[in-house]
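The values are calculated or read from the model by the stated rules, or taken from the named source; none is laboratory data. Quick caveat, the model's predicted, so the values are computed rather than measured. Counting neighbours? That spans all protein chains shown, and the Cβs are built from the backbone with ideal geometry, glycine included. Accessible surface is based on the protein model in full, side chains and every heavy atom, while ligands, DNA and RNA are left aside. Shrake-Rupley method; radii C 1.70, N 1.55, O 1.52, S 1.80 Å.
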Amino acid sequence: QVQLVESGGGWVQPGGALRLSCAASGIVFSFYTMGWYRQAPGMQRELIATMNNGGSTTYADSVKGRFTISRDKASNTVYLQVNSLKPEDTALYYCNLQSMGHVYWGQGTQVTVSS
């Protein structure tokens, strides 16, 4: 059973930074894509970054140049470095794994940006 556990969220002032982590366990797939989504209150869940097996990345236009997705293969951990945070980045951030039609989600970690 695949499990994804996010951590690293918190409160930060505008312009600040955080490093979100997603520890994955139980992965049995050889090829998969991991991603980060976020959902603000009253809004739809939004895809913000992905990384596939080959290390190729994609980013939503709203976070390009500020957010960076990376991974540590040895520990099956995916990171999201979030810099230059804005109040509109406030949301619950979710980790996601997709492979062969299977989709898995973590429980989310809250990021709040305010002064």
Unique match (being touching a residue at least 60 places away in the same chain (Cβ under 8 Å) and charged (D, E, K, R)) among GLU88, GLU6
GLU6
Within the stretch 40-47, does at least one residue satisfy the condition of being under 21 Å from GLN1 (Cβ atoms), part of a loop (DSSP other than H, G, I, E, B), touching a residue at least 12 places away in the same chain (Cβ under 8 Å) and open to solvent by 70 Å² or more (accessible area, probe 1.4 Å)?
no
Can you find, within the stretch 65-100, the residue that is surrounded by the fewest Cβ atoms within 10 Å (Cβ to Cβ) among those that are part of a strand (DSSP E or B), modelled with pLDDT of 95 or more and hydroxyl-bearing (Ser, Thr, Tyr)?
SER70
Can you tell me which residue among SER30, SER62 is open to solvent by 70 Å² or more (accessible area, probe 1.4 Å), outside any strand (DSSP E or B), among the small types (Gly, Ala, Ser) and out of contact with any Asp or Glu (no Cβ under 7 Å at 6 or more places or on another chain)?
SER30
Go through the residues of the stretch 18-26 one by one and say whether even a single one is touching a residue at least 60 places away in the same chain (Cβ under 8 Å) and surrounded by fewer than 17 Cβ atoms within 10 Å (Cβ to Cβ).
yes
Taking the stretch 3-17 as the search range and keeping residues that are more than 16 Å from the chain's Cα centre (by Cα) and assigned to a loop (DSSP other than H, G, I, E, B), which one is surrounded by the most Cβ atoms within 10 Å (Cβ to Cβ)?
GLY16
What do you reckon, is VAL103 in a strand (DSSP E or B), under 18 Å from VAL5 (Cβ atoms), open to solvent by 50 Å² or more (accessible area, probe 1.4 Å) and not aromatic (Phe, Trp, Tyr)?
yes
